[in-house]
1. Evaluate segment 69-85: report whether one residue or more is touching a Gly at 6+ places or on another chain (Cβ under 9 Å), more than 24 Å from Ala9 (Cα to Cα) and among the charged types (D, E, K, R).
2. What's the total number of residues in segment 37-74 that are surrounded by 11 or more Cβ atoms within 10 Å (Cβ to Cβ) and charged (D, E, K, R)?
3. Any residue in segment 14-31 that's in contact (Cβ under 8 Å) with a residue 40 or more places away in the chain: show its pairings with residues that are assigned to a helix (DSSP H, G or I) and among the small types (Gly, Ala, Ser) at Cβ separation under 7 Å, as long as the two are six or more apart or on different chains.
4. Where in the chain are the helices (runs of 4 or more DSSP H), entirely inside, with at least 1 residues that are among the acidic types (Asp, Glu)?
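Only the coordinates and a few stated rules stand behind these numbers; no lab work does. Fair warning: this is a prediction, and the values are worked out from it, not measured in the lab. Backbone-built Cβ (ideal geometry, glycine too); neighbour counts: all protein chains shown.
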Amino acid sequence: MSLASKVAAHAKELRFVFCTSSEGSKGLREFVKSSYVPLKKENPKFPLLVRECEGAQPRVMARFAKGKEEAISVEGMSAKEVEGVVEKLIS
């Protein structure tokens, strides 16, 4: 099962929060640049939120049933490592 097909089956929302220029957010920015369109194409009604803010700590957040939320810092991670974090959150 691909990442795109797992997203909506396990989570209610995914948020990507990162700084627009910091080196620590580079991997998350690259992940969003390469993965947002495929994720959205396969899950057009699923909320994929991208929040860019100067100085923000890079993190991936997921909201699940009954309002449960989980956030994982991805500071300094590569795009591939960020993908692993997203996989972990939605499995």
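1. Of all residues in segment 69-85, those touching a Gly at 6+ places or on another chain (Cβ under 9 Å) come to 74-82.
Imposing the further condition that a residue be more than 24 Å from Ala9 (Cα to Cα) reduces the set to 75-78.
So of that shortlist, the ones also among the charged types (D, E, K, R) come out as 75.
Yes, that holds for at least one residue.
2. Counting residues in segment 37-74 that are surrounded by 11 or more Cβ atoms within 10 Å (Cβ to Cβ) and charged (D, E, K, R) gives 8.
3. Close Cβ pairs satisfying both conditions: Phe18/Ser25; Gly27/Ala79; Glu30/Ala79; Phe31/Ala79.
4. Working: elements: 3-10, 26-42, 79-90.
Helices (runs of 4 or more DSSP H) meeting the threshold: 26-42, 79-90.
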